[in-house]
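**Q** Got a structure here, written out as structure tokens. Questions coming.
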Amino acid sequence: MSIADKLRALLGRDAILEITAPPDQTPRVAPDSPDAVALLLGTAQEEGWRVRVEGQGSWMPTDAPAEVALTTRRLDRIPAIHPQDLSATAEAGVGLDRLRQHLADRGVWLALDPPGLAGRTIGSIVATATAGPLRQGFGPVRDHLLGVTFVTGDGRLVQGGGRVMKNVAGFDLTRLQAGSFGAFGVVVLVHLRLHALPRADRTMVLRGSRETVAAAAEEVRQAGAAPAALEVLSPALGRSEQWTLAVRLAGSVPLVEGEEGVIRGVAGGRLEPLRAEEAQALWTWAAQGFAARPLTFRVGGLPEGAEELLDLIQHQVGDEWISASPGTGTIRWGGETTVDRLQRLRRTLAALEVPLTLERAPWELRRAVGHFGAYREGVGPLVAGLRRTFDPGARLVVATGDAGGG
Amino acid sequence: MSTTARSLVPALREIVGARYVRTAMAERVTYEMDGLPTHRRTPGVVVLPGTRDEVVEVMRLLSRSGVAVVPRGAGTGLSGGALADGEAVLLVVTRLNRILDLDPVNRRATVEPGVVNARLSAAAARHGLQYAPDPSSQTACTIGGNVAENAGGPHCLKYGVTCNHVLALEVVLPDGSVTQFGSPGGEPWGPDLVALFVGSEGCFGIATRITVRLTPLPRAVRTLLADFPTLRAAGEAVSAVIASGIVPAALEMMDRSCIRAVEDSVYAAGYPRDAAAVLLVEVDGRVDGAVAAEAAQVEAILRMRGARTVRAAADERERERLWQGRKKAFGAMGRLARALVVQDAVVPRSALPDVLETIEGIAATHRLTVSNVFHAGDGNLHPNISFDAGDPALTARVERASAEIMRACIRAGGTITGEHGVGLDKLRYMPLVFDGDSLAAMRAVRRVFDPAERMNPGKVVPVHACREWAGATRSPARASPPRAEPVSPAAEAV
């Protein structure tokens, strides 16, 4: 009996979407409930199948070697939106664009603008912890999670957190899932923290040399302004001949008007407001532009060292596709590079106490470099122990680089 | 004192000095409670290391000896989490109290775990910055304790809880090895172990250096006090304010019983004694005009939702008085009775009106005094039951009422603790919110850090309720000595 036949017997004839093209020829399975995911992974554990987890396939390449490809695309329900509680529950395969629309219809907002195409699944965003420019005002991906349900590599359903705003009941398995790249199980359901849809949402920009926009960004920061986003975009990403500083203000009308007044007072008043459609185009491309490149990584430094980090990155891998948040010290890079260059850059950054997380790349590069790396003394054994805890048979193919990761 | 713990006393004295090892009963009983008077345990030995290296040496000794250890900060916790029994050593971090670095440019501070929360805020204020999480006990509680409990506070509604502010940690693991989680910029080195460690209630290790994010002090603040004729109206006003899109810095509620306890105490704040509930709402920001406009909107919402009066603090002195009443409310409740059960459940905000009425009904059924003082904007309830612990029948009624309140909150979609932690106090409620697999997963994670479960044993996860778990523990410890410095990236890249 082939794997495909076993899967059909297990989950029904419709569960297999396709057999992927040669040479992979892997059955792509789409379980339609968390229980079906648990059943699949429990069976994979018994059968010794390696499982590749996918969302829509628009962000991470679906090229990791496996006997089974598990896509979350049929986990596409939005069981609850609670506008009064500013919370929502969504299955992992729900696309961000669809979720955003449903939330907007109810007057609420998920303050996440991750890189990639609009239809990226919420599970993909959580697993990779890919926050975008809104990280400045609303925090990293983990801050938007109230709870998760995930399935371990051996098929157990585990719940972390809940759907309330504060929760310290037990150890925090919820935030552990953010940025784990699937090493600790398959996220199937998330409870999200929302915000009221901003009553006002404005973007101001300044274009110029990298030094000019960096100096203006520092002025905004020093003025004590609290923008939703403060982002420096490279020319390709800002679709301009020059670098772009984009400042986004979002919230209540008094708040935004007050902040706008502050911003007008800095950088010689050179920050120009964009029309709503211009702003939307700017932020959309700032996110989607990364999908056009085969590789992205992020580094997390200090605000003060952002310029030096940009110099270093430019020197080692170029600076064509850069989105940097001077307020948080986070820099996202997109482009093409080699294993050697990436490893050298990671080592150089590690010496500066700056982590590099490989967000997205072809499998061979992911496998060679790993999403994470340069752990501090003692962290490696902890991560390996957590990996064995949540995937004892190493069935989930994840490029952590450890022995069990694939 | 257990034989095992006693046998370690000479070695502990060797490490930290005789003065900082407490063995006499009179000394040890001062550590038999935390901020919750309903749980008592007397530790076998109390040790107070003064440096990170002393913590390491103590932890290595305890690891070699297989003796349990319970970390403790100032002991202001409200879950019985920092209590050690006679078999265990209580490791108190209050002597590790240095602010190691305060970097106003990058808005970060690195502190030792015994630094008192309010002291860090005061130091940051000199640079126009603040450490935002502000538990009511902030004048006494330590940052290390805040990290262990993922502490909250009134202003966490806008600024976030402890976890949102911790960027990096130096941690002494249960075997005495030293490691680092996170980075000064906040990006993790791989999986987010900072997020996992914060709120682990002293079960995963001891944080000896904590790097936190500082935020600009607001330049404009408006504080409003609104009083309501019913709890329901006050609860509905909370949802209306949040739904308006304004994010208040704080949105706190006190009920009549609490108001009267405060007004009868030295912390009297001028709250109207005849109100069924008051809301304390604070709006802050960078620009005075914007904050004034938001405050005006909030005031209009409060009035529309049935506030009898809305009073704005006229100056900083009045603001401080209004806040003192709120922050000292727990202390004021000591006037009602000697014993106090402090609950910490969280419910969805929209459930507040119904849940508050349910709690009122439970109190009436069991003929108990329940005082509510809580973070309404977060839905984080603190229904507190005052009683005489010397009366067994009354104590039994309190137990029953507490369990009923907890179940009501869980039925409403809530959970058992929002900021105090599970500790001992809420252990029995954990199976109400988590199934056997989820509890077993938590226990398995604990065993990754502490295979022998020697750190803060018997807390957080009720072992009897866990399903069997096949996962492995941490890789065998390396032979190399522990050190805090970064290692060669290639050495441990996985």
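**Q** Rounding to the nearest 10 and keeping the result within 0 to 90°, find how far the Cα-based axis of helix B:316-327 lies from the longest principal axis of chain B.
**A** 70
**Q** At what distance in angstrom do the alpha carbon centres of the range B:128-201 and the range B:249-267 lie from each other?
**A** 29
**Q** To continue, here is another question. Would you kindly derive the ³J(HN,Hα) couplings of the range B:303-309 from the backbone phi angles with the Karplus curve 6.51 cos²θ - 1.76 cosθ + 1.60 (θ = phi - 60°), listing them in order in whole Hz, with x for Gly and Pro?
**A** My calculation for the range B:303-309 gives 5, 5, 8, x, 5, 6, 9 Hz in order.
**Q** Once you have all Cα-Cα distances for the range B:8-148, histogram them in 5 Å bins from zero and send the whole-percent values.
**A** Pair shares across the bins are 2, 10, 19, 20, 18, 13, 9, 6, 3, 0.
**Q** Here's another thing I want to ask about it. Highest mean first, what order results for B:66-78, A:121-133 on Cβ atoms within 10 Å?
**A** Highest-to-lowest ranking by the protection proxy: A:121-133, B:66-78.
**Q** When a/c is below 1.5 the answer is rounded, else prolate if a/b is larger than b/c, else oblate, so apply that to the protein assembly as shown with a ≥ b ≥ c taken from the square roots of the Cα gyration tensor eigenvalues.
**A** In terms of gyration-tensor shape, rounded.
**Q** Pop out the ³J(HN,Hα) list for the range A:356-366 in order, Karplus 6.51 cos²θ - 1.76 cosθ + 1.60 with θ = phi - 60°, rounded to Hz; leave Gly and Pro as x.
**A** Listing the rounded values in order: 10, 10, 7, 8, 6, 5, x, 3, 4, 6, 4 Hz.
**Q** Another question about this same structure. Defining a contact as two alpha carbons under 8 Å apart and six or more residues distant in sequence, what relative contact order in percent does the range B:1-153 show?
**A** Averaging sequence separation for qualifying contacts and normalising by length gives 20 percent for the range B:1-153.
**Q** Taking θ as phi - 60°, what are the ³J(HN,Hα) couplings along the range B:132-140 by the Karplus curve (6.51, -1.76, 1.60), each to the nearest whole Hz, with x for Gly and Pro?
**A** 5, x, 10, x, 4, 8, 4, 6, 10
**Q** Can you give the calculated 222 nm mean residue ellipticity of the protein assembly as shown, where each DSSP H run of n ≥ 4 adds -39,500 (n - 2.57) and the sum is split over every residue, rounded to the nearest 500 deg cm²/dmol?
**A** Here the helix-only value at 222 nm equals -9500 deg cm²/dmol.
**Q** First check a/c for chain B, with a ≥ b ≥ c the square roots of the eigenvalues of its C-alpha gyration tensor; if it is under 1.5, answer rounded, and if not, answer prolate when a/b is larger than b/c or oblate otherwise.
**A** Here chain B falls in the prolate category.
**Q** Sticking with this one: Going by how many other beta carbons lie within 10 Å of each one, how would you line up A:Val37, A:Val108, fewest first?
**A** A:Val108, A:Val37
**Q** To continue, here is another question. Pull up the cross-link candidates among the lysines for B:Lys459, meaning alpha carbon to alpha carbon under 26 Å and not fewer than 8 places away within one chain.
**A** A:Lys166, B:Lys426
**Q** Measure out, as a whole number of angstrom, how far apart the alpha-carbon centroids of the range A:57-105 and the range B:20-49 sit.
**A** First find each Cα centre; the distance between them is then 50 Å.
**Q** Could I ask something else about it? Against the longest principal axis of chain A, how steep is helix A:306-317, in degrees 0 to 90 to the nearest 10, with axes from Cα atoms?
**A** Computed tilt is about 60 degrees.
**Q** Here's another thing I want to ask about it. Need one value for B:442-450: mean number of C-beta atoms belonging to other chains within 10 Å of its residues' C-beta atoms.
**A** The mean count of partner-chain Cβ atoms within 10 Å per residue comes to 5.
**Q** Other chains' Cβ within 10 Å of B:175-186 residues: what's the mean?
**A** The per-residue average across the peptide is 6.
**Q** While we're here: Fewest to most neighbouring Cβ within 10 Å: what's the order for A:Val213, A:Val379, B:Val9?
**A** Final ranking by Cβ density, sparse to dense: B:Val9, A:Val379, A:Val213.
**Q** With the Cα gyration tensor of the range A:197-239 giving a ≥ b ≥ c as the square roots of its eigenvalues, does the rule (a/c under 1.5 for rounded; else a/b larger than b/c for prolate; else oblate) give rounded, prolate or oblate?
**A** It comes out oblate by the Cα gyration axes.
**Q** Inside 10 Å of the C-beta atoms of B:415-427, what's the mean count of C-beta atoms belonging to other chains?
**A** For this peptide, the per-residue mean of nearby foreign Cβ atoms is 3.
**Q** For B:Thr369, which sequence-distant residues (separation of 5 or more, or a different chain) have an amide H within less than 5 Å of its own amide H, given hydrogens modelled in the peptide plane?
**A** B:Ser386
**Q** Here is a further query. So how do A:Met1, A:Met165 line up by other beta-carbon neighbours within 10 Å, fewest first?
**A** By the 10 Å Cβ count, ascending: A:Met1, A:Met165.
**Q** Could I ask something else about it? Can you return the aspartates and glutamates within cross-link range of B:Lys328? Criterion is Cα-Cα under 16 Å, with same-chain partners fewer than 8 residues away left out.
**A** B:Asp134, B:Glu252, B:Asp255, B:Glu263, B:Asp264, B:Glu318, B:Glu320
**Q** Between helix B:352-365 and chain B, what is the angle of the helix's C-alpha long axis to the longest principal axis, kept within 0 to 90° and rounded to the nearest 10?
**A** With both axes taken from Cα atoms, the answer is about 90 degrees.
**Q** Here's another thing I want to ask about it. For the range B:326-359 and the range A:210-250, what is the separation of their C-alpha centers, rounded to whole Å?
**A** After rounding, the separation between the Cα centres reads 45 Å.
Here, each number is a calculation from the coordinates, and none is a lab measurement. Note that the structure is a prediction, hence the values are computed from the model and not measured. Please note: Cβ atoms are built from the backbone with ideal geometry, for glycine as well, and neighbour counts cover all protein chains shown.
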